[in-house]
Every structure is written in C-alpha cells, then in structure tokens.
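A.B. asks: Quick one: the structure is below, questions incoming.
The values are calculated or read from the model by the stated rules, or taken from the named source; none is laboratory data. Note that the coordinates shown come from a computational prediction; the quantities given were computed from them, not determined experimentally. Here the Cβ positions follow ideal geometry from the backbone for every residue, glycine too, while neighbour counts run over all protein chains shown. We work out accessible area using only protein heavy atoms, side chains counted, and drop any ligands, DNA or RNA first. Shrake-Rupley method; radii C 1.70, N 1.55, O 1.52, S 1.80 Å.
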Amino acid sequence: MSANTYYKGLKEGKIVAYKCKSCGKISLKSIVCPFCGSRSLEKIEADKVGKVIAYTRIFVAPEYFEDKAPYFVVLVELNNGLRILGQFEGESISVGDEVTFQSIRETPLGVSPVFVKR
Amino acid sequence: MKTTVKPMKKVFIAGIGITKFGKHSEKTFRDLAIEAAMKAIDDAGITPKDITELYIGNFAQGMFEGQTHLAPTLYSDLGLKRNIKGVRVENACASGGFALYEAYRAIKAGYADVVLVLGVEKMTAQKTPVVTKILATAGDAIYELPTGITFPGYFALMTTAYFHEFGGSREDLAEIAIKNHYHASRNPYAQYPKQITSEDYFKAPMIAEPLGLYDCSPISDGAAAVVLMSEEYTKNNSSDGLVEVIGAGASVTNVALTERFKDITWLEATATSSEIAFKEAKIERNDVDVVELHDCFTIAEVIQLESLGFYRRGEAINAAVNGETYYDGKLPVNTDGGLKAKGHPIGATGVGMAVEIVKQLRGEAYNQVEGAEIGLMSNMGGSGASNVVVIFRRV
C-alpha cells in the first residue's frame, strides 16, 4: 500500500495521488484502481483546493484526539476530482465552501491533511 | 457431459434466543453467548449434539477483551458434538448478518442440516475513547482514521450531505429516536426500555455535529442466536413456529467513504444486497410487512430505507415524522427499538434482527404487527461498506 507515500507527501505539503490510465479517476491507491480495478496508474500531485462535500464537528473523540475536541472533519472533493478526508481549522464551515490544504496533523494513527477556508 | 445441478434446499429458522442488551458487568461475553445459544437450541427443540456447523458473528472481541479464535472458544462452552465445522465471521457491524447469511448458504447448498448462528459482543469493559477507537477501525485505518474521524462522525458527514442535498433537520431525526425509544419502551430486552421526548433529544450533548447523544446507538453487551434447519430436517423433527428464509443478498464495496461509487447519501452495498434478496424471494417491496434495519444512527434509518427501495431518495426523512414507521404504521421499522434503543452489541446486532423478525412472524412480538407474514432485515457494516439483507416468511 501507499500509506508511506501519502503521509510523506503530506509532510512535504503535497497530496500525492494516482490517476488511473483506464478510467481516468484519481485515488490514493498506487497499485490497483479502487474504481475500475486497472493496474495502470500514474503518480500525480493532486490539487490542494477543493469543495466541502460534507462536514462534521467531533465532540466525542477517539484515543489520541481527546485533547483536541471539538474539531472539524471535512470530506473534500479536490478540483481534480479526488475525494479525501481531512481536518478543518476555522470558526465554521458549510457544504460547498472552498477550502485549501494548508498543514498536517500527526498522531500515532497517521498523518491527516488540515484544510482552511480559501 | 452435462453435470447434474442439485436443486437448492429450503431453509428455515427453527429456534431463536436473545439476552437482554445493555451493560453486563458480571458476565463475560462467553456467558452471554451461552445464554443466547441455549435459548435458541431449546426453542428449536433439539440438543447441542444435533448441530453440525457453527457460525459466530463477532466484530472485535480480540480488541475489546483480548480473545480471538472465537469458534473454538465458544465451541468449548456449548456441549456440541465432536469435530464440527466452526468459523467466526467478521464484517464490522454486519458480522452477525453475514454469519447468518453464510449459514443460510451452507444449508441451501446442502452442506448442512442444522446450523447454529451465534452473534455476540461485549463492549462495556472498555472506556469510551477506547471503544470509539476500536469502532473506528471499521473505517479506512490508513487514509481516514488519522483525521480523527469517528463512527458517529462518518454518519454525521452523511447527515450534512443529506440535509444539503434533500433538506431535513434535527427535528426530523428526533422523531426517529422518539419512535425507536417508544418501541423499546415495550421491549424488556432492550437496553433503554424508556420513552424519550423532543426536549430530551435537544438537551442531550453533541457527539458528532449534527448528531447528538440520542442520534447514536449505545455501547452494549449482548448475544443473540438462531438455529437454522433444512426442510428435510424439519420434517423429521416436530418444530413449532418455523419461519422460512425466502431470500438473502450480501454485498461489500470500498471501505473508505471517499471511495464510494455514488454520493455518500446512497448506500450501494445496501441497495445491491436488497436487489439480490428481493429477486431471490420473488416478492416486491410492498409485500413486506415489517422491517428491521440498521439504525446505528438516526440518519442511517433514513438512508437505509431509501437504499433498500422502500422510499424515494430524499423522502424517508419524513417517515417517522408522519408516523409511517411505527409498529402500527404502514411500514413498521425496528419494532424492537432498533439499534438506537434496543442496543448495539456489534456482533449480536444482525442476529438480533432475525430474532425480532421471527417473533413478529410467529405473532410473539412486544410490538406486534397485526397479521405480519413477510419480514425483512438489513444489517450494515461500517459506514455502509458491507450489507446483508434477509427476507423471511411465516410458514
């Protein structure tokens, strides 16, 4: 799996993703396209800007996040079509808001992108 | 040369058993499993020695209590005959439903005549942040969990997307919680057998905005069991209260909510499994008299109803508001209180749904649907990445 590539990219300020040469969709998966099963994938750098598809504000947090609650988690569709989950930093957020990948948050569970309003 | 295909066999539920769902501090998960299994075996009028296959539905006892290898573990406790087949089936919150599905196929294909399906989970020994972390492992641990997403969080994402797309409000979700608590208030086996008011709902703390405490199913301990039999076996053994399994479907899709093929307010595994089940059962949606579905969160009841094909998209949000899903409404849903109020001991949940449907079809339910002949259960895993639908008919 490509977790190390994804986390390493985020730490360098990039969203490393893969474009499927067969169906054209973009995902975080480096070996098999999760949408069509093709193994013909091209490594790309995804857009950092996108729109909020859905959001939530977590009040009851899992282990490693308890001291940060409440915090926002957003499902973002980046401009090239890649959907990812990330945290959001800001006062408020709505579906349709434009956000940009700004920083990261690292815990023992892994690395998350952090978005802010554009 | 033409091969001879043996006809598929008919499958019946001959026995049911369930423990009270809730906090069982003095009991181990094994105690709970034994209680449910023995009730089902006694109800079926057989002995443990008659069973030839054992399917355990369990999500994460290894993480909750440090015990894996559950089929041999529970085999040790049940007095079964020597050297039978046993396996634990895991698909997150749909573990119990998938265990039932695999058992159904074993009999249907002619591999077994008497099978025990046993769903169990003991969750309350761990503190809430640890339980929250364990539940979240049913999501994508590499790409999603580092964001601090939780299970309520996944369904909160679906809620904000749903409200944006179709409209709806927390007032509508409150009516679902109120309805399921009303059903539970008449079911002594429910974890929270009490009614709630709109005021209770709005006063309760937020869990994952916009979902509050009364939108969420609780952390629970419990077990449920069913005994399945082939038609031949039922003929040789007098069994009262038989219910036939007339169709079943199962489906999985990409685990990550970000990798669904359609938008996140459509449960594609639920839709697919229901299409398969209805086709196999050769019935229509409006033939169904009673439904048990996966309301792990209030919004899940809405999008399950739509993905199962009972309501058009954007319309099930009003089902409880209009009273349609009460036990005496036009489509009774979660007549035992649902996951919301009956409780949600993960591995037991899908099997518990089957128990309630069988009670309804026998005419033995606490919120009896008058004249119920056909019942459907839909048990979902994770944020909708797996789903089983099973359809039952009174004999």
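A.B. asks: For chain B, find the longest principal axis of its Cα atoms and tell me its angle to the long axis of helix B:268-281, 0 to 90°, nearest 10.
C.D. replies: Roughly 40 degrees between the two axes.
A.B. asks: In deg cm²/dmol, rounded to 500, what helix-only [θ] at 222 nm does the protein assembly as shown give when every DSSP H run of at least 4 residues adds -39500 (n - 2.57) and the total is split over its residues? Please list the in-between numbers first.
C.D. replies: Values: 14 runs with 151 residues, N = 513.
Helix contribution divided over all residues of the protein assembly as shown: -9000 deg cm²/dmol.
A.B. asks: For chain B, give the share of DSSP beta bridges that are antiparallel, in percent and rounded to the nearest 5; count only bridges with both residues there.
C.D. replies: Working: 40 of 56 bridges.
The antiparallel proportion sits near 70 percent.
A.B. asks: Taking C-beta distances below 4.7 angstrom as the pairing criterion, name the unpartnered cysteines of the protein assembly as shown, in sequence order.
C.D. replies: When partners are defined as cysteine Cβ atoms under 4.7 Å apart, the protein assembly as shown leaves B:93, B:216, B:296 without one.
A.B. asks: A further question on this structure: Residues of the range B:121-151 with accessible area at least 50 Å² lower in the all-protein-chain context than alone (1.4 Å probe)?
C.D. replies: Those are B:129, B:133, B:142, B:143, B:146, B:147, B:148, which lose 50 Å² or more relative to the chain on its own.
A.B. asks: Using the alpha-carbon centroid of each, what span in Å lies between the range B:245-318 and the range B:160-205?
C.D. replies: The range B:245-318 and the range B:160-205 have Cα centres separated by 20 Å.
A.B. asks: Determine the gain in length on full extension of the stretch residue B:171-residue B:263; use 0.36 nm per residue of separation and subtract their C-alpha separation, reporting nm with one decimal.
C.D. replies: Working: separation 92, 0.36 × 92 = 33.12 nm, distance 2.38 nm.
Separation in residues times 0.36 nm, less the Cα-Cα distance, equals 30.7 nm.
A.B. asks: Let me ask something else about it. Carbon and sulfur together cover what percent of the accessible area of chain A at a 1.4 Å probe radius? Kindly include the intermediate steps, with their values, before the conclusion.
C.D. replies: Working: 2330 of 5570 Å².
Carbon-and-sulfur percentage of accessible area, whole number: 42.
A.B. asks: Using only Cα atoms, find the angle between the long axis of helix B:151-166 and the longest principal axis of chain B, and express it within 0 to 90 degrees, rounded to the nearest 10.
C.D. replies: Here the helix axis deviates by roughly 60 degrees.
A.B. asks: Share of the range B:261-395's accessible area from carbon and sulfur, percent, 1.4 Å? Mind dumping the intermediate values first?
C.D. replies: Working: 1720 of 3900 Å².
Carbon and sulfur: 44 percent of the exposed surface of the range B:261-395.
A.B. asks: Report the number of Lys pairs in the range B:246-371 whose alpha-carbons are under 21 Å apart, with separation of 8 or more residues or on distinct chains.
C.D. replies: Working: B:330/B:340; B:330/B:359; B:340/B:359; B:342/B:359.
Counting lysine pairs in the range B:246-371 gives 4.
A.B. asks: For chain B, take the longest principal axis of its alpha carbons; what is the angle in degrees between that and the long axis of helix B:346-362, to the nearest 10 within 0 to 90?
C.D. replies: With both axes taken from Cα atoms, the answer is about 70 degrees.
A.B. asks: List the aspartates and glutamates whose Cα sits under 19 Å from the Cα of residue A:68, skipping any in the same chain fewer than 8 residues away.
C.D. replies: The reachable aspartates and glutamates, counting only those whose Cα sits under 19 Å from residue A:68, are A:89, A:91, A:106, B:144, B:209.
A.B. asks: Further, regarding this structure: Please name the residues of the range A:74-107 whose accessible area, counted over protein heavy atoms with a 1.4 angstrom probe, falls by no less than 30 Å² between the chain alone and the full protein assembly.
C.D. replies: Those are A:75, A:83, A:85, A:95, which lose 30 Å² or more relative to the chain on its own.
A.B. asks: Could you work out the local net charge near residue B:265, counting Lys and Arg as +1, Asp and Glu as -1, over the other residues with Cβ closer than 15 Å to its Cβ?
C.D. replies: That works out to -3.
A.B. asks: Points 7 angstrom from Cα along the Cβ direction at residue B:194 and residue A:49: gap in nanometres?
C.D. replies: Going from the residue B:194 label point to the residue A:49 one covers 5.3 nm.
A.B. asks: How many square angstrom of accessible surface are buried between B and A, both sides summed, with a 1.4 Å probe and rounding to 100? Present the calculation step by step, with values, prior to reporting the outcome.
C.D. replies: Details: alone 15570 and 7050 Å², together 19530 Å².
Interface area, both chains combined: 3100 Å², rounded to the nearest 100.
A.B. asks: On the protein heavy atoms, probe 1.4 angstrom, tell me the percent of accessible surface of the range B:19-83 carried by carbon and sulfur.
C.D. replies: Working: 1480 of 2900 Å².
Reported share for carbon and sulfur atoms: 51 percent.
A.B. asks: Would you mind working out the accessible area per residue for the range A:22-118, using a 1.4 Å probe, and quoting it in Å²?
C.D. replies: Numbers: 4480 Å² over 97 residues.
For the range A:22-118, the solvent-accessible area averages 46 Å² per residue.
A.B. asks: Something else now. What number comes out for accessible area per residue over the range B:87-140 if the probe is 1.4 Å? Units Å², please.
C.D. replies: Numbers: 1660 Å² over 54 residues.
Counting only protein heavy atoms, the per-residue value for the range B:87-140 is 31 Å².
A.B. asks: Follow-up. Which of the aspartates and glutamates could be linked to residue B:108 by a straight reach, that is with a Cα gap under 17 Å, when you skip same-chain ones fewer than 8 residues away?
C.D. replies: B:53, B:231, B:232, B:244, B:280
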